[in-house]
Amino acid sequence: MKGYYTGRRDQFDVNYTIFSRAVEETNSKEDFIKYLEKKYEYVIERIADQKAMELMGNLELI
């Protein structure tokens, strides 16, 4: 399956292959969330860094 583009700046495309695999390989909601966090750890870190730099720029700290 392919992801979809929502057009919103605060949302990102979903990789349904990873999502489907997570559903198959986990038994509980907690395990599912941990699985996705592990798979998207790099993406989450990059987004957080980007948002922090934008905020510091808006506050004229950099």
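The values are calculated or read from the model by the stated rules, or taken from the named source; none is laboratory data. Everything quoted here is computed from the prediction, not taken from an experiment. Note: areas computed on protein heavy atoms with side chains; ligands, DNA, RNA excluded. Shrake-Rupley method; radii C 1.70, N 1.55, O 1.52, S 1.80 Å.
Some observations on this one:
- Candidates in the stretch 40-62 are the residues that are open to solvent by less than 70 Å² (accessible area, probe 1.4 Å) and of a type outside the set (A, V, I, L, M); of these, the one that is farthest from the chain's Cα centre (by Cα) is G57.
- Within the set L55, L61, the sole residue that is part of a loop (DSSP other than H, G, I, E, B) and modelled with pLDDT of 85 or more turns out to be L61.
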